[in-house]
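The values are calculated or read from the model by the stated rules, or taken from the named source; none is laboratory data. As the structure is a prediction and not an experimental result, all values here were calculated from the model. Using ideal geometry, Cβ is built from the backbone for each residue, glycine included, and neighbour counts are taken over all protein chains shown. All accessible areas refer to the heavy atoms of the entire protein, side chains included, with ligands and DNA or RNA removed. Shrake-Rupley method; radii C 1.70, N 1.55, O 1.52, S 1.80 Å.
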Amino acid sequence: MTIERFEVPGLAQFSYMVEDSGEAIVIDPMRDITRYLDAAAAKGWKITHVVETHIHADYASGAKALAERTGTELAVSAHDGGERFQYSMPHRGLRDGDVIQVGKMQLKALHTPGHTPEHLSFVLYEQGSSEPIAIFTGDFLFVGALGRPDLLGEAESTRLAAELYRSVSERIAGLPDALRVYPGHGAGSLCGAGMSDRPESTLGDERATNPYFGYGEQEFVCRILDASPEMPSYYPRMKELNSVGAVAFESLPEMKTLVAEVSDTSATVIDLRRPEAFGEAHIPGALNIGLGGNIAMWTGWLLPPETDIIFVGETEEDCREARTALARVGLDRIAGYLRGGMAAWIAAGHSTAQTKQATAADIELATGAVILDVRNAAERAHGSIAGTQGIPLGELPAALQALSPEQEVIAVCGSGYRSSAAASLLQRAGFAHVSHLGSGMAGLESRSS
C-alpha cells in the first residue's frame, strides 16, 4: 500500500493518491488533474475511484474532471440533502459507514460535519483488519487546528460549530491514538486558524496537543468562532462552482500571445514580477500580484470572475504558471500574456508608471500621510506602527471610499508583497500620491533591534 501526497504551496492544499495492488483512489484532487494522471502512469497504477471530503470553498476541485477523464466512479457525501450547497454532478452518494474497496484496502466514510454540513473523513483499513491505519480528514481536522465553521454565514456558524464539537468529541472518539492523520491543508490556508507546518500527525498527538480537544462544548464554540480568520470573498463562489463541478483545466482555451500592446482596455493587467521591478516601471493601471506569493488566493479575492486578465511576467513560463494558479480559483478568462514582458513594452515606446518604494525614514518623516496597514487583524495585534489605519488587503477594493484620492498614502505589510499589491490597487483607482514600504514590517523591526 502506498500513500502519495500532492501539495499546492500557495493554497497550502493537500490531496492524496492511495494505492494498493495497482489500483488507486484520489482524494480531493485539484483542478489541474494531469499531475494525478502522470503520477499514476509513471507507476503503472490504475485510478479506480475519485472521492471528495466536502464541497470546497478555497479552490476549484478537479474531482468531476478526473472522474470523467479516467471513466471512474466519483464518490462524494450524501449528507448534503437540504443544505445550501449540494452536489449536482453525476456521482455516488456516500453515507456514514459506506465503504470503497481499492485493491486489498478499504476506505470507510465517516461523517464529520462542522466545517461544512456534508463533510466526510475517510478511514483506511487493510482488508480483513478491524484496526484502521490512517484517516484522511479533509478540512475537519488539521495538525494543531480544526476547520472553520463559518463558511455558510453567521446564521449557520453556531450550529456548525456545535457539530464540529461533536465530530471531535464523539464521532472520532473510538479511533485509536496511533491512527495517522492526513489533513486537507497545512499552514497558510485560511480554512482554519493556527495550523502547524507539519503535513501529518497522529490522532494521539492531536488529542494531546490540539487545544480544541480539551474544551467543553460552550467554550469550544466560542473559541472556534473567535479564531476564524478573515474569509476571502471568493469562497462562496468556489462552493457554487464545486457543487456543479468545474470544467477540466485542460479544456480551457490556449493562452494568447500579445505583442507589445494591450488593445483590450477593459482587461486587467496583472504584473507577476517582484515589487522592486514593478515599482521601477510597469504598465499604467497594472496590479502587482506577484508570482512568488499566494497569487491564486489574492487574485481570487481581489478580482471578480468575469474579469479579463492579461499577464506581464519575466518569462512565458511565469505566465503559464500564473494561468494554472488562477484556474485553481476559477479565474479562467485569461486574454493573454505580453510577449517579452516589460522590456518589449518599453522598447515599443509605450508609457510606463512607477510606484515609489518608501523607506523606514520616509515613514518617520511622513506628516499628514495615511499609513495604511494591509495585514490582517491577528498580525496587527502583534505589533503595528502607531497611528496606522488598518484595512486588510482583501477588503481594500470595497473600502476605497474610506480614503481620499488626494491624500498621501503609504501602504505597509509584513514583507512588501501585499503592500505593493495595495499600492497598485490605489494607483489604479486614481490615487495620486501612493508608495509602499518595500522592506515591510520585518525591515522596520530589524532596524529598531
- request: List the number of the failed condition for SER201; all other conditions in (1) buried (at least 21 other Cβ atoms within 10 Å of the Cβ); (2) under 15 Å from ASP150 (Cα atoms) hold.
  value: (2)
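Only residues that are in a helix (DSSP H, G or I) and of a type in the set (Gly, Ala, Ser): list them for region 291-313, please. Break it down stepwise before answering.
Of all residues in region 291-313, those in a helix (DSSP H, G or I) come to 295-302.
Across region 291-313, the qualifying residues are ALA296, GLY300.
Does region 76-89 include one or more residues that are assigned to a strand (DSSP E or B) and touching a residue at least 12 places away in the same chain (Cβ under 8 Å)?
Pass one, region 76-89, residues assigned to a strand (DSSP E or B): 76-77.
Retained after the next criterion (residues that are touching a residue at least 12 places away in the same chain (Cβ under 8 Å)): 76-77.
There is at least one residue in region 76-89 that is assigned to a strand (DSSP E or B) and touching a residue at least 12 places away in the same chain (Cβ under 8 Å).
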task: Could you run through region 373-392 and say how many residues are crowded, with 16+ Cβ neighbours inside 10 Å and either closer than 20 Å to MET231 by Cα or touching a Gly at 6+ places or on another chain (Cβ under 6 Å) (or both)?
output: 9
- line: Inside region 391-407, the number of residues satisfying the requirement of being outside any helix (DSSP H, G or I) and either among the hydroxyl-bearing types (Ser, Thr, Tyr) or modelled with pLDDT under 95 (or both) is 5
- request: From GLY186, GLY174, GLY153, grab the single residue that is farther than 21 Å from ASP226 by Cβ and free of Cβ contacts under 8 Å to residues at least 24 places away in the same chain.
  value: GLY174
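Take region 236-293 and flag every residue that is polar (S, T, N, Q) and open to solvent by 70 Å² or more (accessible area, probe 1.4 Å). Give the steps one after another, and end with the answer.
Just the residues of region 236-293 that are polar (S, T, N, Q), to begin with: 242-243, 251, 257, 263, 265-266, 268, 288.
Matches in region 236-293: SER251, SER263, THR265, SER266.
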query: Out of all the residues in region 164-180, which are surrounded by fewer than 22 Cβ atoms within 10 Å (Cβ to Cβ) and either of a type in the set (Ser, Thr, Tyr) or not in a loop (DSSP other than H, G, I, E, B) (or both)?
result: ARG166, SER169, GLU170, ARG171, ARG180
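Test PRO29 against the criterion of being of a type outside the set (Gly, Ala, Ser) and in contact with a Phe, Trp or Tyr (Cβ under 7 Å, 6 or more places away or on another chain), and give yes or no. So that I can check it myself, show each step before the final result.
On the way: of a type outside the set (Gly, Ala, Ser): yes; in contact with a Phe, Trp or Tyr (Cβ under 7 Å, 6 or more places away or on another chain): yes.
Yes, satisfied.
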- line: Only one of ALA39, ALA67 is surrounded by fewer than 24 Cβ atoms within 10 Å (Cβ to Cβ), more than 20 Å from the chain's Cα centre (by Cα), modelled with pLDDT of 95 or more and not in a strand (DSSP E or B), namely ALA39
- prompt: Does at least one position in region 133-155 carry a residue that is in contact with a Pro (Cβ under 8 Å, 6 or more places away or on another chain), open to solvent by 10 Å² or more (accessible area, probe 1.4 Å) and part of a strand (DSSP E or B)?
  reply: no
